[in-house]
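K.L.:
Let me give you the structure first, and then I'll get to my questions.
Bear in mind these aren't lab numbers, they're just calculated from the coordinates by the rules spelled out. Keep in mind that this is a model prediction, so the values were computed, not measured. Here the Cβ positions follow ideal geometry from the backbone for every residue, glycine too, while neighbour counts run over all protein chains shown.
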Amino acid sequence: MATVNHIFSKLPKHKTSIFSVMSKMAFEHDAVNLSQGYPNFETDQRLKDLVAKAMNEGYNQYAPLAGIAPLREQIVKKIESLHGEKYDKDSEITVTNGATQALFLAITAFVNPGDEVIVLKPAYDSYEPAIELNGGVPVPVQLKGKNYDLDFEEIKQKINGKTRMIIINTPHNPGGNVFSKAKMQQLEQLLEGTDVILLSDEVYEHIVFDDAKHYSASAFPELSKRAIVCASFGKTFHNTGWKMGYCVAPEKLMAEIWKVMEVNVFCVHHPTQRAFAEYLKTPEHYLELGKFYQEKRDKFLDLIKDTAFKFEPAKGTYFQLLDYSEITNEPDVDFSSRLITEYGIASIPVSVFNKDNVDHRQLRFCFAKTDETLVRAAEILKKVK
């Protein structure tokens, strides 16, 4: 059989995801897997029943490109009640195949060859490949210290005539911090008078703890005018495998996103859209999420309080960073691998998400797990000296 001799990769430096690597090792060593960010418990049975009901009622053909009207209406109501911004359901909402597709659509719609995109590191590992696939240039800005604070002076220095977009993520994965109102206002002032588009990844919007509050880009008038906000039903309702999310943006921006959506997948799973349209009518389903996950965070941290790991409780997301600097000087990639092979627990080394792989001796653990799993994990971590 003839073959293609010369393949010119669009992502020549792209490696297998750290999530795939660690999960594969976890499976091979039968380790407790706290690496990947998904729950190991079931989604609400009522939500599953609503999907089945929609299928049985015949909603099995293409949905509209932007999503079904009842779901878009519920998204508009949710955002207005939480953040005070009212989007137009007919021109400013798009239901997507997960938040990752929403992010990809936004980048593809606006990033042209040579355009620069500021990426705050550590960052979700889909941002930069999407930028590069579209011929753009990622401009990494490292968040400062082990708590990953914003440095607006450095961001300001990176903005120039080539800057097309800046990507933010709050609540922040893997840092576990939440951008304050003051920080969002600073960002608003920084971008004023520019043509820079703000891509705001807010998939953990409802998972905030203690005295923290999520401040969406939608809540700030001058930011919302330039912002594409991406959200995830999968993260919110414990069904990441359904790949359901959405994005909101001003009409002029959304019109360009629709052009890409139409030639990409056109629309997303119709019966699941029907289910979410009904499920969102009960706001408690998402308003009580913070309390639910705070109990899991607190349980996990209480279980490991006497270990050799150090930590600051996460303010948001369902991830907790653990500092192992008092245990070993091993690089985090090596130590996380050894935790799997020698102890039987999987985590994610944070350096792989940092600019120049800066290593703060931190590992990320997902606590979106059953209590039984968290207890097993803590028992293992107590043995690590």
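K.L.:
Could you tell me the convex hull volume per residue, in Å³, taken over the Cα atoms of segment 77-226?
P.N.:
Spelled out: Cα convex hull of segment 77-226, divided by residues, is 116 Å³.
K.L.:
If you average the C-alpha positions of segment 343-385 and of segment 110-178 separately, how far apart do those two centres end up, in angstrom?
P.N.:
The two parts, judged by their Cα centres, are 25 Å apart.
K.L.:
Here is a further query. Pairs Lys78/Lys296; Lys10/Lys78; Lys77/Lys181; Lys252/Lys355: which are spaced more than 29 Å apart, C-alpha to C-alpha?
P.N.:
From Lys78/Lys296; Lys10/Lys78; Lys77/Lys181; Lys252/Lys355, over 29 Å: Lys10/Lys78; Lys252/Lys355.
K.L.:
In terms of the ratio Rg/(2.2 N^0.38 Å) built on C-alpha atoms, what value belongs to the chain?
P.N.:
After normalising by residue count via 2.2 N^0.38 Å, the value is 0.99.
K.L.:
Residues of segment 20-53 with backbone nitrogen within less than 16 Å of a virtual label 7 Å along the Cα-to-Cβ line of Thr370, please, listed as ranges.
P.N.:
31-34, 38-45
K.L.:
How long are the three semi-axes of the equivalent ellipsoid for segment 209-307, computed from the Cα gyration tensor as the root of 5 times each eigenvalue, in whole Å, largest first?
P.N.:
That gives 31, 19, 13 Å for the three semi-axes.
K.L.:
May I ask for the longest run of the chain untouched by GluC sites (Glu not before Pro) that are loop-located per DSSP and have at most 16 neighbouring C-beta atoms (other than their own) within 10 Å?
P.N.:
Between the exposed loop sites, the longest stretch runs 58-191.
K.L.:
Still on this structure: So what are the radius of gyration and Dmax for the Cα set of segment 144-253, in Å?
P.N.:
14.3, 41
K.L.:
Grab the alpha carbons of segment 288-328, take their convex hull, and tell me the volume per residue in Å³.
P.N.:
Spelled out: Cα convex hull of segment 288-328, divided by residues, is 56 Å³.
K.L.:
Looking at this model, which pairs from Lys158/Lys315; Lys15/Lys243; Lys89/Lys225; Lys183/Lys213 are more than 18 angstrom apart at the alpha-carbon?
P.N.:
The answer is Lys158/Lys315; Lys15/Lys243.
K.L.:
Moving on. What do you get for Rg/Rh over segment 255-385 if you use C-alpha atoms and the Kirkwood form of Rh?
P.N.:
1.11
K.L.:
Using the Kirkwood formula on the Cα atoms of segment 1-148, what hydrodynamic radius do you get, in angstrom to one decimal?
P.N.:
It is 19.9 Å.
K.L.:
Compute the length gained on full extension between Gln189 and Glu278: take 0.36 nm times their separation in residues and subtract their Cα-Cα distance, giving the result in nm to one decimal.
P.N.:
My answer for the length gained is 28.2 nm.
K.L.:
Here's another thing I want to ask about it. For Lys382 and Asn56 in one chain, what is 0.36 nm times their gap in residues minus the Cα-Cα distance, to one decimal in nm?
P.N.:
Taking Lys382 through Asn56 to full extension adds about 112.4 nm, to one decimal.
K.L.:
Could you work out the relative contact order of segment 45-281, using alpha carbon pairs under 8 angstrom and six or more residues apart, expressed as a whole percent?
P.N.:
31 percent
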